[in-house]
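The values are calculated or read from the model by the stated rules, or taken from the named source; none is laboratory data. All values reported here derive from a predicted model rather than from experimental measurement. Cβ placement follows ideal geometry from the backbone for every residue including glycine, while neighbour counts extend to all protein chains displayed. Areas reflect the complete protein model, heavy atoms only, side chains present, ligands, DNA and RNA absent. Shrake-Rupley method; radii C 1.70, N 1.55, O 1.52, S 1.80 Å.
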Amino acid sequence: MNETGHLLELKNLKVRFPVRDKRAVHAVNGISLSLDAGESLGVVGESGCGKSVTFSSVMRLIKSPPAIVEGEILFNGEDILKMDTKRLQKIRGKDITMIFQEPMTSLNPVMRIGNQITETIILHEGLTPKQAENKALEYLKLVEMPDAKSRLWCYPHQLSGGLRQRVMIAMALACSPKILLADEPTTALDVTIQAQILDLLRRLQEKTQMSTVMITHDLGIIAELTQRVAVFYAGRMVEEAPTKELFEDARHPYTIGLLGCIPTLRTNERRLYVIEGNIPNPVELPSGCAFHPRCKYAKKQCEEEIPELSKITDKHKVACHFDILN
Ligand SMILES: Nc1ncnc2c1ncn2[C@@H]1O[C@H](COP(=O)(O)OP(=O)(O)OP(=O)(O)O)[C@@H](O)[C@H]1O
Ligand SMILES: [Mg+2]
């Protein structure tokens, strides 16, 4: 734990990707957030707002150079961005693991499932191959893999998308991580399988008490699986609140817009996305508040000054110059 007591703390994280003519894609523009032990944090925002780049940076998966990564990513007070490769390898895959939308990107297509899971266990826990195989089997059972024992001998392509996602979750959990980063883990799956995987993740969260970050477009997933939410827009955090409070009392015009596209029980219809316009070009972000060109409440100050993320209650922060609800 660091002096502030957070398990993970991002301090003013900035990531940009240089492109031609000395310009750059400004993917992450000063994200500060924290995660405590056992906590589940949701991260939402439109495509391209920097969710994946932020959490890939936590795993140091962003190649730098060419990317420029600034700020601090403290794990138990130790800056991941400054760790040497040896230290990083100890933490990555053991203390912090990540699962992705498409399991094939992290599974090796020419290696049997069993070997892929045992490889991680042997690397991090120093078990014998036989002990590691038993543990792999235990984790395949934990993720409710049907016919787990015979799956050890399968190659990834022999499994359906939902089963592959279970394998990836088993691999991610096999070394009892302190933090699981889940980047759209169910987006590529059909709805019934999606529900099963989410249910599994929720139960695993309760059982293992690991901290989770759930990155998603889906506010329904946020409502069901997370305790706190961070809303991203154009590489910045525009609102952060306990989940219930965010749904009941959102304050940022962008969050209010996002919530506006949730289907309501009363009308039983899925309303169309209510935020007009598109997410800005990250090479040329708008001045001031990056949301101002799409915001119906925008005033001159919004074009000129970037709003600070400030507290409106103890755990609720908003980055907007105006209190638009008053
Ligand atoms: N390696 C890269 N080189 C250049 N630009 C990149 C690179 N990786 C990401 N970007 C850009 O950084 C911005 C943020 O991308 P990111 O993948 O974090 O978005 P996201 O919020 O995860 O979106 P999605 O919901 O679609 O997954 C985007 O404009 C993206 O095109
Ligand atoms: Mg993404």
Within the range 30-77, the count of residues that are more than 7 Å from ligand 1 (Cβ to nearest atom), of a type in the set (S, T, Y) and either in a loop (DSSP other than H, G, I, E, B) or open to solvent by less than 50 Å² (accessible area, probe 1.4 Å) (or both) comes to 5
Within the bounds of the range 78-90, is there any residue that is closer than 27 Å to L7 by Cα, modelled with pLDDT under 90 and among the basic types (K, R)? yes
Flagged pairs (Cβ under 6 angstrom, 6 or more apart or on separate chains; first in the range 15-29, farther than 14 Å from S64 by Cα; second assigned to a strand (DSSP E or B) and polar (S, T, N, Q)) are none
In the range 312-326, anything within 14 Å of D249 (Cβ to Cβ) and either of a type in the set (F, W, Y) or free of Cβ contacts under 8 Å to residues at least 24 places away in the same chain (or both) is listed as D314, N326
Cβ pairs under 8 Å, 6+ apart or interchain, first in the range 143-157 and free of Cβ contacts under 8 Å to residues at least 24 places away in the same chain and more than 15 Å from P103 (Cα to Cα), second in a helix (DSSP H, G or I) and open to solvent by 80 Å² or more (accessible area, probe 1.4 Å), ordered by first then second residue, are A148/K141
Taking first residues from the range 195-207 that are on the phi < 0 side of the Ramachandran plot and second residues anywhere that are in a helix (DSSP H, G or I), the pairs with Cβ under 6 Å that are 6 or more apart or on different chains are I197/Q165; R202/L225
Okay, helices (runs of 4 or more DSSP H) sitting entirely in the range 128-204 with 3 or more residues that are touching a Ser or Thr at 6+ places or on another chain (Cβ under 8 Å), I get 129-142, 161-173
When (1) within 22 Å of A319 (Cβ to Cβ); (2) part of a helix (DSSP H, G or I) are applied to A27, the one that fails is (2)
**Q.** Check on G288, crowded, with 16+ Cβ neighbours inside 10 Å and either assigned to a loop (DSSP other than H, G, I, E, B) or of a type in the set (S, T, Y) (or both)
**A.** yes
When H157 is run through (1) open to solvent by less than 10 Å² (accessible area, probe 1.4 Å); (2) at pLDDT 90 or above, the failure sits at (1)
